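The values are calculated or read from the model by the stated rules, or taken from the named source; none is laboratory data. Predicted, not measured: the structure shown is a model, and the values here were computed from it. When we count neighbours, we look across all protein chains shown, and the Cβ atoms used for this are built from the backbone with ideal geometry, even at glycine.
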Amino acid sequence: MHFSETCDEGMPRLITPVETTASTTQDQSAIPVIHATLDAKGLRPERHVVDQGYTSAQLLLSSQKEHGIDLYGPVATRSGWQAYTEGAFDLSQFQIDWSQQIVKCPQGKSSRSWKAGRDSYDNPVIPVQFSGRDCTPCQARSRCTKSKRAPRELTLKPFEAYQALQQARDRQATTTFQQDFSIRAGVEGTISQAVRGFDVRQCRYIGLAKTHLQHIITAAAMNVVRVINWLEGVPLAKTRQSHFAKLAPIKSG
Ligand code: SF4
């Protein structure tokens, strides 16, 4: 069950779309459906704050291009052992010439091949390969690849997706992002309300379509409760603290 809700200051927090998927489905797969639903109902937000399970380079791009929605959440940091090894050559140390379709490595060698392809999730990718003639005798080889014989290979995302990912990585390093992103925690309260107050984890029907109907009815009931509370001026509940967490200030003081 994937809930999205409004989070405008001073307004009631209302659940907008509810998407239901099999538990084995990756969270990311829900985003295109959620955004299409929001768009179709005229409820498209400028920004959709999500956790990392819902972001990918492709989704950052398609959310913006197809729906004008800023998918706002942390993205995976750089990948590969090189990114976590001091002195190793990760992607950031290669110069990419997008117009010439050539990548230059830290040793000044140019890539041998650049070919558009698809990864195992059917996302477009660009595998780039260097030449064995350059990589085999390279003095810096151990900083670049663990392969005994094969030359260095890189997998790039297409330009726009690559750019979207870089921008998201830069953005998530800022304090503004940390402050703005903190609002996402509110949806945990929504899940908690659905589970504890509306017993949503107890599936009353068999099959995805009927289960989805149950989730929609639950969300509608929650919205009614929320609107009434808002009209009556009931403040939003504060995040509960465990007994252990409550001891923390005493201990540190
Ligand atoms: S191993 Fe190949 S790609 Fe890596 S630095 Fe050496 S020449 Fe460049």
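In table form, for the structure just shown:
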read-out: So Ala116, is it small (Gly, Ala, Ser), within 14 Å of the ligand (Cβ to nearest atom) and surrounded by fewer than 18 Cβ atoms within 10 Å (Cβ to Cβ); value: no
read-out: Qualifying residue in the range 144-151 (condition: outside the structural domain of Arg240 (by TED's automatic domain parsing), over 30 Å from the mean Cα position of the chain (by Cα) and among the β-branched types (Val, Ile, Thr)); value: no
read-out: Which listed residue is among the β-branched types (Val, Ile, Thr) and either under 28 Å from Gly73 (Cβ atoms) or surrounded by 15 or more Cβ atoms within 10 Å (Cβ to Cβ) (or both), from Thr136, Thr155; value: Thr155
read-out: Residue in the range 45-65 that is farther than 16 Å from Ala161 by Cβ, acidic (Asp, Glu) and surrounded by 15 or more Cβ atoms within 10 Å (Cβ to Cβ) present; value: no
read-out: Criterion: assigned to a helix (DSSP H, G or I), modelled with pLDDT of 95 or more and under 30 Å from Ser29 (Cβ atoms) - qualifying residue of Ser92, Ser63; value: Ser63
read-out: First in the range 18-44 and in the same structural domain as Ser63 (by TED's automatic domain parsing), second anywhere and in a loop (DSSP other than H, G, I, E, B), Cβ under 6 Å, 6 or more apart; value: Thr20/Met1; Gln28/Ser56; Ala30/Thr21; His35/Ile69; Leu38/Arg44
read-out: Tyr72, sole failed condition from (1) within 16 Å of the ligand (Cβ to nearest atom); (2) in contact with a strand residue (DSSP E or B) (Cβ under 6 Å, 6 or more places away or on another chain); value: (1)
read-out: Only one of Gly108, Gly87 that is exposed (fewer than 13 other Cβ atoms within 10 Å of the Cβ), over 30 Å from Glu188 (Cβ atoms), modelled with pLDDT under 95 and within 14 Å of the ligand (Cβ to nearest atom); value: Gly87
read-out: Members of the range 189-211 that are in contact (Cβ under 8 Å) with a residue 24 or more places away in the chain and either crowded, with 16+ Cβ neighbours inside 10 Å or not aliphatic (A, V, I, L, M) (or both); value: Gly189, Thr190, Gln193, Ala194, Gly197, Phe198, Val200, Thr211
read-out: Where a residue in the range 83-100 is without any contact (Cβ under 8 Å) to a residue 40 or more places away in the chain and of a type in the set (S, T, N, Q) and its partner, wherever it lies, is away from the ligand (no atom under 12 Å from the Cβ) and assigned to a loop (DSSP other than H, G, I, E, B), with Cβ under 9 Å and at least six apart; value: Ser92/Arg78
read-out: Search result, residues across the range 119-132 that are modelled with pLDDT of 95 or more and either exposed (fewer than 11 other Cβ atoms within 10 Å of the Cβ) or among the polar types (S, T, N, Q) (or both); value: Gln129, Ser131
read-out: Selected residue (criterion: farthest from Arg184 (Cα to Cα)) from residues of the range 27-51 that are small (Gly, Ala, Ser) and out of contact with any Ser or Thr (no Cβ under 7 Å at 6 or more places or on another chain); value: Ala40
